[in-house]
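The structure appears right after this line, and notes come after that.
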Amino acid sequence: MSSINDTEVIIEALLFASGDPVSLERIAEIIGHDKKTTKVIMTNLIYKYQNTSRGIMLREIDNAYQLCTKPELDEYVQQLGTVRRKQGLTPQAYETLSIVAYNQPVTRAYIEQIRGVNSDGVLLKLVERNLIEEVGRDDTPGKPKLYATTEEFLRVFGFSSLKELPPLEMNEIPEVYENVPLD
Amino acid sequence: MSSINDTEVIIEALLFASGDPVSLERIAEIIGHDKKTTKVIMTNLIYKYQNTSRGIMLREIDNAYQLCTKPELDEYVQQLGTVRRKQGLTPQAYETLSIVAYNQPVTRAYIEQIRGVNSDGVLLKLVERNLIEEVGRDDTPGKPKLYATTEEFLRVFGFSSLKELPPLEMNEIPEVYENVPLD
Amino acid sequence: MKSALTDACTLKLENFEGPFDLLFYLIEKNQIDIYDIPILEITEQYLDYLSAMQELDLDIASEFLVMAATLLHIKSRLLLPNKEPQLEEDTVDPREELIIKLLEYKKYKEYAKILAVRDEKWRGAHYKLPEAIPDIITENELEVSPETLRACMIDVLQRYRDKMNDVSKKMKRILNHEKVSLRSKVKELLGFLKNGVKLCFSKIYNKRKMSRLEIATGFLATLEVVRIGQALIDQPAAFGEIYLTPNKHKKNDTDPMTLIEDE
């Protein structure tokens, strides 16, 4: 390889593979030119990187050369570091949220009766995540708090109103024997 | 930034900074295009790198993209003295690897049946070099482990996906039912 | 052919991975048509190789010995005169299975070469170490689906129903248990009546000795005994003592127990 183009190609490969700065001497040695010529080639190359559609640029640092990304592209490069944490709901949270959504407003006691387990913690989490909120108190002894879903709930589920909750078909609602039959 | 050129510039910066492969999804997300459009841009870009005076090339590996130096420039890169060239594999390892590649996922027993020899050690070496990996267990008695090739396999052998494996030429097995020559 | 083979017989002791590897070496070295392997020669060379290994005190893997046996078996079958030369179907080439295996093996041996070449080429590609890019962890939107919400509602209702129905089943079991107890009370009463004595309710079902449930059951038993005609009941005064007299005019002699309705 001997043409300017070929030399440039080699230099790009060298600098890319190295990652670290490579000295002028070392580059000159590898491409088989003297230091002066190599310096000219490098200066031209710096200009070329700057003025063509490249995402990378060539920097001279203390008689050594290094490739790096163009600083104006930093905002894009930074996004590589973005770790999106996709969050879901735990089964317990989903279950509790469904009871609130389909029966609102509801008391904690009601939720616990249906779920059969203490639901204090999971309710608190749902309130913290702004999916449900207190909307008043029930008019029964103890005046328990009543919970309902929030606007945030509608937003994350993509509903425009509660009417858009997927309907529960009658035949899907399991039958509960209300009274114990005395035969 | 919106023109094709600008997009290509961003992509080069991303891939350079990442060093590791960047998935199509992530690139699409950052450049603000859908996956289909991004795929087209990437395919064009691969071609562009290949056909201009560049020392680096763009590789597609398993729906992700990575920059690397053009392999034909290895002799120059080697002179940096900083990059170490990995050792090749033994013929047995290539043999075993090709059985895995073309039949994956496969059990050890299947490999040994074709090779006619115990392949425990060679499988272990391939796992150690991250060229193959366990991908589950076969649903047969004993639940033997199943092996498949890795992303590293694609990288090492210059494939962009398993679809690029050179096709298996089915050797025609001629009729050997004719008269048996007694030699 | 024989001379060509013996010429090639100077085996160099390579480290063959397995019997196929060795056989392949012999086939290539002797430029043999894989579809028409001269078994006699190949077997001879194969065995020569094994004995050379033995002389060098090398470990011979069992697979090599199995292949030797296979080759010798094929050889013997080829040498045996064909008993029924007329029947073409019976003249299956004993080498067939070996040939198929060798062809399969050859296929991968060729791929192995392709892989080796590609590996050699691509080992020349060099990658760059990642730049240090700080992690920015963003709490992403919740990933939720309306359908899951609906499914959860149905699930939780289902569980609730199962639980409730389980409670009602338990109640039923308790009641069934009480029915048995009614039967036993009736049986007990019938036993007393057999003696032909007039019974005093408050004496049999003493409030101090028995639970309310037992007394109530006893009362039901009393009514049952009257209903099946085994006794006559009399209560002279309201809220007064109840007397039970054995019925002397029973309609039949069947076992009164069978008359008790079986629930």
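Rule-based calculations on the coordinates, nothing more; no lab input. Keep in mind it's a predicted model, so treat the numbers as computed, not measured. Reconstructed Cβ throughout: ideal geometry from the backbone, glycine too, with neighbour counts over all protein chains shown.
Got a sec? How would C:L199, C:L22, C:L65 order by Cβ neighbour count within 10 Å, fewest to most? Could you put the intermediate results ahead of the total?
On the way: C:L199 19, C:L22 23, C:L65 12.
Fewest-to-most ranking of C:L199, C:L22, C:L65: C:L65, C:L199, C:L22.
Could the peptides C:217-225, C:185-193 be put in order, highest first, of the mean number of other beta-carbon atoms found within 10 Å of their residues? Don't skip to the end; give the middle numbers.
Details: C:217-225: 19.3, C:185-193: 17.7.
Put in order of decreasing packing, that is C:217-225, C:185-193.
Placing a label point 7 Å from Cα toward Cβ, how far apart in nm is B:K36 from its equivalents in the other copies, listed shortest first to one decimal?
When each copy's label point is compared with this one, the spacings are 6.0 nm.
With angles folded into 0 to 90 degrees, how steeply does helix A:35-51 sit against the dominant principal axis of chain A? Use alpha carbons for both and round to 10.
With both axes taken from Cα atoms, the answer is about 40 degrees.
Quick one: compute the contact order of segment B:91-177, relative version, from alpha carbon pairs under 8 angstrom and 6+ residues apart, as a percent. List each step's numbers first, then the result.
On the way: 90 pairs, mean separation 24.1, N = 87.
This gives 28 percent for segment B:91-177.
Sorting B:V83, B:V135, A:V22 on the 10 Å Cβ count, fewest up front, what's the list? Don't skip to the answer; put the middle values down first.
Details: B:V83 17, B:V135 14, A:V22 20.
Ranked by crowding around the Cβ, least crowded first: B:V135, B:V83, A:V22.
For peptide A:68-78, how many partner chain Cβ atoms fall within 10 Å of a residue's Cβ, on average? Mind showing how you got there, number by number?
Values: counts 4, 10, 5, 1, 3, 10, 3, 2, 10, 9, 5.
If you average over the peptide's residues, the count of other-chain Cβ atoms is 6.
With just the Cα atoms defining each centre, how far is segment A:42-101 from segment C:230-245? Give it in Å.
99
What average number of partner chain Cβ atoms lie no more than 10 Å from the Cβ of the residues making up B:93-101?
Values: counts 4, 11, 13, 3, 6, 10, 6, 1, 3.
Partner Cβ neighbours, averaged per residue: 6.
Let me confirm one metric for peptide B:14-26, namely the mean number of other chain beta-carbon atoms within 10 Å of its residues' beta-carbons.
On the way: counts 7, 5, 13, 16, 8, 8, 5, 1, 1, 0, 0, 0, 4.
Mean inter-chain Cβ contacts per residue within 10 Å come to 5.
So for A:M42, C:M210, C:M164, fewest C-beta neighbours within 10 Å to most, what's the order?
Listing A:M42, C:M210, C:M164 from fewest to most nearby Cβ atoms yields C:M210, C:M164, A:M42.
Cut-off under 19 Å on the C-alpha distance; same-chain residues fewer than 8 positions from C:K172 excluded. Which lysines are left, in chain and number order?
List returned: C:K163.
Quick check for me: using +1 on Lys/Arg Cβ and -1 on Asp/Glu Cβ, what's the dipole size of segment B:25-99 about its Cα centre, in debye to the nearest 20?
Numbers: 11 positive and 9 negative charges, 35 e Å.
The dipole of segment B:25-99 has a size of about 160 debye.
Helix A:4-18: angle to the longest alpha-carbon principal axis of chain A, degrees 0 to 90, nearest 10?
50
Return P(r) of segment B:91-177 (all Cα-Cα pairs; 10 Å bins starting at 0; whole %; ordered from short to long distances).
Histogramming segment B:91-177 at 10 Å steps yields 16, 47, 28, 8, 1 percent.
In percent, what relative contact order does chain B have, based on Cα pairs under 8 Å that are 6 or more apart in sequence? Display every interim value, and only then the final one.
Numbers: 177 pairs, mean separation 29.8, N = 183.
Dividing the mean separation by the residue count of chain B yields 16 percent.
For C:K194, give me every one of the lysines with a C-alpha distance below 29 angstrom, ignoring sequence neighbours fewer than eight places off in its own chain.
Straight-distance partners of C:K194: C:K179, C:K185, C:K203, C:K207, C:K209, C:K248, C:K250, C:K251.
Please report, largest first and rounded to whole Å, the three semi-axes of the ellipsoid equivalent to segment A:4-80, where each semi-axis is the square root of five times an eigenvalue of the C-alpha gyration tensor. List each step's numbers first, then the result.
Numbers: eigenvalues 107, 32, 22 Å².
Its equivalent ellipsoid spans semi-axes of 23, 13, 11 Å.
Which number comes out as Rg/Rh for chain A once both Rg and the Kirkwood Rh are worked out on C-alpha atoms?
On the way: Rg = 33.8 Å, Rh = 22.9 Å.
Computed over Cα atoms, the ratio is 1.47.
So how many Å³ per residue does the convex hull of the Cα atoms of the protein assembly as shown work out to? Could you put the intermediate results ahead of the total?
Numbers: hull volume 247.8 nm³, N = 629.
Here the figure is 394 Å³ per residue.
Let me confirm the definition first: pairs of Lys residues in chain A, 8 or more apart or on different chains, C-alpha distance under 19 Å. How many are there? Display every interim value, and only then the final one.
On the way: A:K36/A:K48; A:K39/A:K48; A:K48/A:K70; A:K86/A:K125; A:K125/A:K145.
Lysine pairs meeting the criterion: 5.
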